[in-house]
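The values are calculated or read from the model by the stated rules, or taken from the named source; none is laboratory data. Since the structure is predicted, the reported quantities are computational estimates derived from the model, not experimental observations. Here the Cβ is made from the backbone with ideal geometry for all residues, glycine too, and neighbour counts use every protein chain on show.
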Amino acid sequence: MTALEANDLKESEKSYELYKSKQVQYVNPSQDFHQSDIDFYNALGGQYMNNMSILPEGAQRDEIRAKGIAFFEKVLELDAENFQANFNVGLIHYNEGVDITMAMSGSTDLSIEMIIENTGRSEELFFTALPYLHKAEKMDPKSEETIEGITGCYYGLHDDENYNKYRKILDEMIIDDLLKSYDANPNDLDVVKELCRIYSTTIKNQQEYDKFKAVYDKLREN
């Protein structure tokens with residue numbers, strides 16, 4: 001795994017395939033590589049994801065993204081119920097959709113045609129991400145990251161019914177952490193604002209909303 005750790009990903013793949021051929025040739029002709037293939041290709045796909053995250057948008061990033069997806073798909077050919085591969089493929093597509101949406105919101109000179117094209121592309125990516133994320137959800141319903149991705153997909157697709165459903169699930173997951181954050185720092189305006197949102201929408205509690213709305217208004221005055 002030295003080549004993988006050194007980030008020489010192509011060499012790492014070659015080394016792994018060579019290792020397997022030598023094992024079969026010299027050690028055990030009937031050796032089963034099923035689990036080691038899953039572990040290796042998940043790790044390799046994960047490293048491509050890491051590389052992608054530090055690259056600007058462009059052809060090189062698209063190439064790295066495609067390679068990462070390809071290795072996770074290899075895992076899914078071996079184990080269709082693999083949580084990590086399903087989650088990561090879904091996350092890659094979701095993040096790409098978010099990137100396109102954010103780029104549009106930050107641009108003031110896009111033509112109507114480009115806006116329509118980019119909106120369609122981002123929605124296509126959200127649609128593509130959902131089956132993978134839902135499969136990951138079935139395997140680990142308590143994964144906050146998975147629920148967050150699903151919620152974001154439905155938000156990007158303007159599917160209010162499903163967005164509200166998963167927004168409530170996500171809020172129920174994060175409420176305790178938000179309350180702990182508030183206890184640690186009662187002056188954190190963003191945390192207080194989020195608590196106001198939750199208690200007025202998904203976890204309705206008028207008393208708690210009034211409490212945090214008063215704190216929010218006071219913080220805004222200072």
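Every residue, every condition in (1) in contact (Cβ under 8 Å) with a residue 24 or more places away in the chain; (2) over 28 Å from residue 103 (Cβ atoms), yes or no:
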{"site": "140", "(1), (2)": "yes, yes"}
{"site": "144", "(1), (2)": "yes, no"}
{"site": "150", "(1), (2)": "no, no"}
{"site": "158", "(1), (2)": "no, no"}
{"site": "168", "(1), (2)": "yes, yes"}
{"site": "174", "(1), (2)": "yes, no"}
{"site": "183", "(1), (2)": "no, yes"}
{"site": "186", "(1), (2)": "yes, yes"}
How many of the residues making up region 203-221 are part of a helix (DSSP H, G or I), surrounded by 11 or more Cβ atoms within 10 Å (Cβ to Cβ) and free of Cβ contacts under 8 Å to residues at least 12 places away in the same chain?
5
Criterion first (of a type outside the set (Ser, Thr, Tyr), within 19 Å of residue 98 (Cβ to Cβ) and part of a helix (DSSP H, G or I)) does residue 62 satisfy it?
yes
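Assess whether residue 125 counts as being among the hydrophobic types (A, V, I, L, M, F, W, C), exposed (fewer than 14 other Cβ atoms within 10 Å of the Cβ) and at negative phi.
When the stated conditions are applied, residue 125 does not pass them.
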Which one is nearest to residue 74 (Cα to Cα) among residues in region 19-55 that are surrounded by 10 or more Cβ atoms within 10 Å (Cβ to Cβ) and either of a type in the set (D, E, K, R) or outside the structural domain of residue 92 (by TED's automatic domain parsing) (or both)?
37
Filter region 177-202 for residues that are in contact with an Asp or Glu (Cβ under 7 Å, 6 or more places away or on another chain) and among the aliphatic types (A, V, I, L, M); which is surrounded by the most Cβ atoms within 10 Å (Cβ to Cβ)?
198
From 103, 129, which residue is within 28 Å of residue 43 (Cα to Cα) and of a type in the set (A, V, I, L, M, F, W, C)?
129
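Report yes if some residue within region 10-30 is among the charged types (D, E, K, R), in a loop (DSSP other than H, G, I, E, B) and either touching a residue at least 40 places away in the same chain (Cβ under 8 Å) or on the phi < 0 side of the Ramachandran plot (or both); otherwise report no.
Restricting attention to region 10-30, the residues satisfying the condition of being among the charged types (D, E, K, R) are 10-11, 13-14, 17, 20, 22.
Still in the running and in a loop (DSSP other than H, G, I, E, B): none.
No, that holds for no residue.
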